[in-house]
Every structure is written in C-alpha cells, then in structure tokens.
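Here the structure comes first, spelled out in structure tokens, and everything after it is commentary.
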Amino acid sequence: MKRLKTLASAVVAGTLALALAACGGNDGGASAEGSSTAGATGDTYKIGVLQLTEHAALDASNEGFIAALDDAGISYEVDQQNAQNDQSACQTIASKLVNDGDDLILTIGTPAAQAVASATSDIPIIGTAITDFAESGLVADNEAPGGNVTGSSDLTPVADQIELLEQLVPGAKTVGLLYCTAESNSEVQISMAEEALDAAGIAHERYSVSSSNEIQQVIESMVGKVDAIYTPTDNTIAAGMATVSMVANENDLPVIVGCDTMVEDGGLASYSINYYDLGYKAGEMAVEILTEGADPAEMPIEYLAAEDCQLIANQATADEIGIDISGLENAEIV
C-alpha cells in the first residue's frame with residue numbers, strides 16, 4: 001500500500017497519539033528462572049512482569065521480552081503477574097512488585113504501566129504494547145522520557161488500515177467504529193480513523209462498549225446500519241474478538257482490525273506490527289538497563305520500522321462473508 005510509508009514519518013514527527021490501552025483484571029502470577037548463565041557482573045536479576053490481560057498480542061509481547069533476556073545470556077528470576085483485565089488488580093500487583101524490590105519491571109499495556117509508574121519513581125520500568133507513552137502520561141517526551149519509564153511502542157498505520165478497508169470493501173458507504181470507552185488511546189485511534197474516512201468520503205459512526213460483556217449486543221446493533229467495521233488495537237475488543245467475528249461473519253460484515261492476532265481470531269484483514277518483535281525490542285532495552293547501566297530517562301521510546309508491518313488476511317473469514325482477497329499482494333494468509 002502506498003500510504004504505509006506514512007507510519008514512519010508520523011513517528012518521527014511525534015504527532016500520533018494513541019495507545020493500546022485497556023479496561024483492567026484479577027491477580028494471577030508465576031515465578032520462573034531464566035538463563036543459568038550469569039551476566040557480566042555475575043548478578044541474578046529480579047524482574048517483575050505485569051501484563052494487563054490475556055490475549056494473543058500481549059502474550060506474544062511477553063514471550064518476545066523473555067526471549068531477548070535469554071538471548072542476552074543474563075541470569076534472572078521473573079515474577080509473572082496478570083491483572084486479568086481488572087484495573088484495581090493492576091494497582092494491587094504494582095504495589096506487590098515494587099515492595100518485592102525488583103531490579104526492573106516490565107509492563108504490558110497502558111493501564112499496567114500507569115499503575116506501576118504511580119507506585120514507584122525509582123525502579124526502572126519498561127513498557128510495551130503501548131502506543132504513545134507521552135500521551136498516556138508515562139513520560140515527559142517520547143524522545144526524552146525524563147523519568148524511570150521507557151519502552152517500545154505498538155504504533156500501527158491507522159490510515160493504511162482504512163485504505164485496506166476501501167480496497168476490500170469498495171462499495172462501503174458507512175463504517176462502524178468499534179472500541180472500548182475505558183481505553184482512552186483507542187479513542188485516539190478512532191479519531192485518526194475518522195479523519196481517514198472523512199478524507200475518503202465514507203460516512204462513519206462510533207459503536208462503543210464499556211466491557212467485553214457488551215460486545216455481542218453492540219455488534220448486533222450494527223447489522224443493517226454499516227457496511228463494514230473498523231476496530232483498532234484495543235485490548236477489550238482483541239480479547240473478545242471471537243465474539244466480534246462470530247456475529248459479524250454471520251451477518252456478512254467485514255471487520256478490518258488493528259493487529260495480526262485479531263485477524264487470526266476471525267477478523268478479515270490488517271496491516272499489523274509483530275508483537276513478539278515488539279516485546280523482544282523491550283527485552284533488549286531491559287538488558288541495556290540491567291547490564292550496561294543505561295538510564296531510562298535518556299532512552300527514547302522505540303518503534304518497529306514501517307517496513308516491518310505485515311499485511312495479513314483471514315481466508316476462512318473472506319470465504320464466509322464473500323470477500324475476494326486474491327488482490328492483496330504479499331499478504332500473509334491465515
């Protein structure tokens with residue numbers, strides 16, 4: 001797509017403000033030992049992990065982070081905690097990790113990062129699956145964080161995703177925009193989608209949920225009113241993607257989504273970053289802090305390159321709803 005190149009320039013300009021935020025969950029955790037090969041100092045590092053909720057994209061970020069630690073050959077113990085989409089649990093787990101005296105804390109998802117950042121200004125915090133750290137109040141500036149928080153951003157090409165919708169559903173007159181109201185950065189992405197749709201002359205209407213329990217009813221309310229659905233990298237929607245695709249596919253509604261795992265769970269197509277790679281980049285940053293004494297305050301937020309975005313489409317979904325995806329060049333078909 002000719003407009004995919006706009007992603008990189010938007011990052012450099014620092015004008016995009018969105019984030020993979022979420023609605024919050026229950027405490028759950030596990031500890032595990034990492035590589036038996038000690039780092040240069042011979043230390044075994046204590047690393048806490050707070051993941052907002054369970055869904056494939058966040059899970060992949062977690063896996064990528066651990067893989068980077070292992071590849072670096074450092075010795076570590078990790079305390080894995082999952083808030084199960086409960087905001088109050090984020091606060092409780094954040095306090096636990098801080099009180100445990102961890103050497104570094106990984107946070108996956110914006111509310112998880114915000115909870116830990118409010119609990120400590122001393123322990124280094126690496127965030128991932130967060131799109132705009134500055135907009136979320138986590139850093140002073142994405143180029144110069146200025147505190148104890150840094151990490152990797154999951155900025156995605158919203159305008160190119162809308163262009164993909166135009167290509168696959170050329171007759172679309174109205175698009176339903178689906179997101180969770182508790183996810184402020186999802187709303188920012190929705191605003192970006194609205195701008196792209198306005199430029200294309202396509203009408204749009206917002207359809208929001210406050211929790212996963214409302215997804216089915218909201219999708220059913222779109223039937224007969226919209227020609228396609230767009231949903232960004234929204235944790236609540238991603239976690240409930242099976243419900244979204246079930247209802248949408250039954251009613252021949254194409255759903256263009258924010259990330260690859262949402263396509264794998266039944267969405268029609270996306271331009272997406274790779275969340276494993278995103279977590280791996282965060283892990284590399286963590287190794288720099290732990291073994292080289294790097295200062296989070298001076299470590300700019302890192303991004304995956306625009307050329308690393310993957311065009312992905314779901315053949316079974318396309319067949320079910322009667323959409324021809326044969327014209328998607330260089331697409332990964334799942």
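Quick notes on this structure:
The rows are residues; the columns are (1) under 27 Å from Thr53 (Cα atoms); (2) touching a Cys at 6+ places or on another chain (Cβ under 8 Å).
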{"position": "Ala239", "(1), (2)": "yes, no"}
{"position": "Ser270", "(1), (2)": "yes, yes"}
{"position": "Glu288", "(1), (2)": "yes, no"}
{"position": "Asn314", "(1), (2)": "yes, no"}
{"position": "Gly327", "(1), (2)": "no, no"}
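- When region 81-136 is limited to residues that are in a helix (DSSP H, G or I) and closer than 16 Å to Gly279 by Cβ, the one that is modelled with the lowest pLDDT turns out to be Thr110.
- Within region 42-54, the set of residues being within 30 Å of Ser211 (Cβ to Cβ) and either surrounded by 24 or more Cβ atoms within 10 Å (Cβ to Cβ) or at pLDDT 95 or above (or both) comprises Gly48, Val49, Leu50, Gln51, Leu52, Thr53.
- Verdict on Glu166 being touching a residue at least 40 places away in the same chain (Cβ under 8 Å) and open to solvent by 10 Å² or more (accessible area, probe 1.4 Å): no
- Search result, residues across region 142-169 that are part of a loop (DSSP other than H, G, I, E, B), modelled with pLDDT under 95 and farther than 11 Å from Ala196 by Cβ: Asp154, Leu155, Thr156
- Picking from residues in region 303-334 that are in a helix (DSSP H, G or I) and modelled with pLDDT of 95 or more, the one that is nearest to Gly267 (Cα to Cα) is Thr317.
- Scoring Ser211 on the criteria (1) farther than 18 Å from Ile273 by Cα; (2) open to solvent by less than 10 Å² (accessible area, probe 1.4 Å); (3) touching a Cys at 6+ places or on another chain (Cβ under 7 Å); (4) not hydrophobic (A, V, I, L, M, F, W, C) leaves a single failure, condition (2).
- Positions within region 178-195 being more than 14 Å from the chain's Cα centre (by Cα), farther than 18 Å from Ser272 by Cβ and hydrophobic (A, V, I, L, M, F, W, C), in sequence order: Ala182
The values are calculated or read from the model by the stated rules, or taken from the named source; none is laboratory data. None of the values given here were measured: they were computed from a predicted structure. As a convention, Cβ positions derive from the backbone with ideal geometry for all residues, glycine included, and neighbour counts pool all protein chains shown. Side chains included, ligands, DNA and RNA excluded: accessible areas come from the protein's heavy atoms. Shrake-Rupley method; radii C 1.70, N 1.55, O 1.52, S 1.80 Å.
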